[in-house]
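Written out below as structure tokens is the structure these notes cover.
The values are calculated or read from the model by the stated rules, or taken from the named source; none is laboratory data. No experiment lies behind these values; they were computed from the predicted model shown. Here the Cβ is made from the backbone with ideal geometry for all residues, glycine too, and neighbour counts use every protein chain on show. Side chains included, ligands, DNA and RNA excluded: accessible areas come from the protein's heavy atoms. Shrake-Rupley method; radii C 1.70, N 1.55, O 1.52, S 1.80 Å.
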Amino acid sequence: MPRRKPSARSPASKRTASIDLGLAAAAQLPSPAEAEALVRARVQPLPVESRPLASLAGAVLAQSVRSERDQPPFDRVMMDGIALASQAWRAGRRRFRIAGTQPAGSPPLRLEDPDACFEAMTGAVLPRGCDCVIPVERLTVEDGVAVVDEGTPVEPFWNVHTRGLDCREGDMLLTRGTMLGAPELAVLASAGLPRADVHADPRIVIVATGDELVAPDQPIEAWQVRRSNGYALRAALHLRGFHRVAEDHLPDDHAVLARRLATHLATHDVVLLTGGVSMGRFDHVPSVLRELGVEEVFHKVAQRPGKPIWFGIGPAGQTVFGLPGNPVSSLVCLLRYAVPAIYAMQGAQPRRPEQVPLGAPHAVKAALWHYLPVHVEQSPALGGVAMPRPTRGSGDFVSLLGTDGFVELPPGPRELPAGCVVAFYRW
Ligand code: AMP
Ligand code: MG
């Protein structure tokens, strides 16, 4: 990458001071909730594709699913034991001749002699003529005869999972917009579907900008900085099931940015830039994006850290975020805005963040929403509480070690008491 000497830079023609916003100025900027709503209103849905079930963990369903059959589909034996007619027990019989075996996966036998029983296995269909199952723990077997313990609470349908108890054939089980986790995939398979319609995995590119950034495997000068944001952002995306993530690093050079971003826009659904969105003279990202036809929806949100965040929609509906370069800011903004944006592109139903009480008071000074890293601890009185772990600024990513995520605090100046419930976002 070309590196300019500091002396090659002409002096700033105009001073762009980065000063603390007062309440009035902050009121001009969208709040985090308003920014989030703007994002949700503007993102474009990803295309729908049919995929095999084994590849669907974390995908968002783009169809509805009804039950193929009653569930359970037959009166199902719930314990290994003997199946019999409870009427015989009520009539006083305690010894039952074992007339055969009913294994799982076999058609039902028929009990002709009500004083006999069948050995029955978990998952088997309840044999005809039987209405309950006595578990092996409650009986002894002697010479082909099962002797049931006195005091066994035998009654009709004991240890029988009756047909249609969980759902009926044709019941609506899953609707579009459902994120597919373990229970949902079990239900899809049980509905006899080898494939399902889901929204395509977004093609995401993380583009680091900055002349000072050096990859972890390259020699570094004292005045340079390791390029770390991409790794943090990629990790957060992978942990949320987004694996189609490319990466690039571009200099603070208008022409290079324009050329490379045009390519990234042509080949990705989501472009996440880091750095270059503030007020510095080498912060070219907003102007380059505008030139490439990316419509600016907002630039800056009334928050700290992460105030300079930029969001726009590309000419083909691409989601484009200019995340501030400071490591804490870029990660907070990714999780607060970009991840929900990607979920929205997949048609996922909006989710409310976890709500957690603060474990200690915290003072918010600026008239901006505040993102505070926290460690979640167990308190005897309140359960999980968020213990503040403030950083020494948005460049201090080392202080994030040992934290679980961050909380969103309302604008100051104010003192938030311990126990006050706030939205919590995990890393
Ligand atoms: P910027 O938003 O470009 O003004 O960058 C703000 C701060 O974040 C500067 O100190 C940058 O060196 C730092 N920074 C920007 N991008 C990265 C990155 N990818 N990894 C680590 N630090 C970064
Ligand atoms: Mg920069």
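Spelling out what I want: for every residue of the range 117-129, take phi, set θ = phi - 60°, compute 6.51 cos²θ - 1.76 cosθ + 1.60 (Karplus), and round to whole Hz; glycine and proline get x.
With coefficients 6.51, -1.76 and 1.60, one gets 8, 10, 5, 9, 10, 3, x, 6, 6, 5, x, 4, x Hz.
Of THR178, LEU61, LEU292, which is farthest along the charge dipole of the chain in the positive direction, counting Lys and Arg as +1 and Asp and Glu as -1 at C-beta?
Ranked along the dipole, the leading option is LEU292.
Using the Cα atoms as the points, what is the convex hull volume per residue of the chain in Å³?
Taking the convex hull of the Cα positions in the chain, it is 201 Å³ per residue.
Which one, ALA200, GLN355, ALA215, is farthest towards the positive end of the dipole of the chain when Lys and Arg carry +1 and Asp and Glu -1 on their Cβ?
Value computed over the given set: ALA215.
Quick check for me: using +1 on Lys/Arg Cβ and -1 on Asp/Glu Cβ, what's the dipole size of the chain about its Cα centre, in debye to the nearest 20?
Here the chain has a charge dipole of around 1800 debye.
Which residue, chosen from THR152, VAL125, VAL187, occupies the Cα position most advanced towards the positive end of the dipole of the range 117-188, where the dipole is computed from +1 (Lys, Arg) and -1 (Asp, Glu) charges on Cβ about the Cα centre?
Positive-most Cα among the choices belongs to VAL187.
Which residues' amide hydrogens lie under 5 Å from the amide hydrogen of ALA85, considering only partners 5 or more residues apart or on another chain, with H built in the peptide plane?
ASP131
Taking 0.36 nm per residue of sequence separation and subtracting the Cα-Cα distance, how much length would be gained by fully extending the chain between GLU169 and ARG414, in nm to one decimal?
82.6 nm
What ranking, highest mean first, results for peptides 34-42, 146-154 when packing means the other Cβ atoms within 10 Å averaged over each residue?
For the peptides 34-42, 146-154, the packing ranking is 34-42, 146-154.
Tabulate in residue order the Karplus-calculated ³J(HN,Hα) for the range 369-383, using 6.51 cos²θ - 1.76 cosθ + 1.60 with θ = phi - 60°, rounded to whole Hz; enter x for Gly and Pro.
Along the range 369-383, the couplings run 4, 10, 9, 10, x, 9, 10, 8, 10, 8, 10, x, 7, 10, x Hz.
Relative contact order of the range 99-173: what whole-number percent is it, with Cα pairs under 8 angstrom and at least 6 residues apart?
24 percent
Taking H as built 1.01 Å from N, whose amide H comes closer than 5 Å to the amide H of GLU354, not counting residues under 5 places away?
PHE424
Magnitude of the Cβ-charge dipole of the range 277-400, K/R +1 and D/E -1, about the Cα centre, nearest 20 debye?
The dipole magnitude comes to about 260 debye.
Whole-Hz Karplus ³J(HN,Hα) for the range 255-267, in order, using 6.51 cos²θ - 1.76 cosθ + 1.60 and θ = phi - 60°, x for Gly and Pro?
5, 5, 4, 4, 5, 6, 5, 4, 5, 4, 5, 6, 10
Express the carbon and sulfur contribution to the solvent-accessible surface of the range 306-367 as a percent, rounded to the nearest whole number, probe 1.4 angstrom.
54 percent
Taking the chain as a Gaussian network, where each spring joins two C-alpha atoms under 10 Å apart, which residue of ILE220, ILE204, ILE342 fluctuates the most?
Largest GNM mean-square fluctuation: ILE220.
Could you check which residue among LEU84, LEU193, LEU185 shows the biggest mean-square fluctuation in a GNM of the chain with a 10 Å Cα cutoff?
LEU84
At a Förster radius of 25 Å, what calculated FRET efficiency corresponds to the Cβ-Cβ distance of VAL398 and ALA57, to the nearest 0.05?
Efficiency for this residue pair is about 0.15.
Quick one: pull the percent of accessible area on the range 19-127 belonging to carbon and sulfur, 1.4 Å probe, ligands and nucleic acids left out.
Ligands and nucleic acids excluded, carbon and sulfur give 54 percent.
Give me the distance in nm between label points sitting 7 Å out from Cα along the Cα-to-Cβ direction at GLU291 and ARG95, one decimal.
Reported label-point gap for GLU291 and ARG95 is 9.8 nm.
Could you list which residues have their amide H under 5 Å from that of TRP369, counting only those 5 or more apart in sequence or on another chain, with H placed in the peptide plane?
GLN303, ARG304
Could you work out how far the C-alpha centroid of the range 116-179 sits from that of the range 263-280, in angstrom?
The range 116-179 and the range 263-280 have Cα centres separated by 59 Å.
Normalised by the residues of the chain, what does the relative contact order come to in percent, with Cα pairs under 8 Å and at least six apart?
On the way: 919 pairs, mean separation 69.5, N = 427.
It rounds to 16 percent for the chain.
Given a cut-off of under 8 Å on Cα pairs at least six residues apart, what relative contact order in percent is computed for the range 310-349?
About 25 percent, as a whole number.
Arrange the residues VAL43, VAL48 by how much accessible surface each exposes, largest first, with a 1.4 angstrom probe.
VAL48, VAL43
What is the distance in Å between the Cα centroid of the range 27-43 and that of the range 206-221?
That distance is 31 Å.
Per residue, how large is the accessible surface of the chain? Use a 1.4 angstrom probe and give square angstrom. Intermediate values should be presented prior to the final figure.
Values: 20780 Å² over 427 residues.
Computed with neighbouring chains in place, this is 49 Å² per residue.
If packing is taken as the average count of other Cβ atoms within 10 Å, what order do 75-81, 274-280, 102-108, 287-293 fall into, highest mean first?
By packing density, highest mean first, the sequence is 274-280, 75-81, 287-293, 102-108.
For the ranges 175-181, 417-423, what's the packing order if you count other beta-carbon atoms within 10 Å of each residue, average per peptide, and put the highest first?
Values: 175-181: 16.4, 417-423: 14.9.
Highest mean packing first, the order is 175-181, 417-423.
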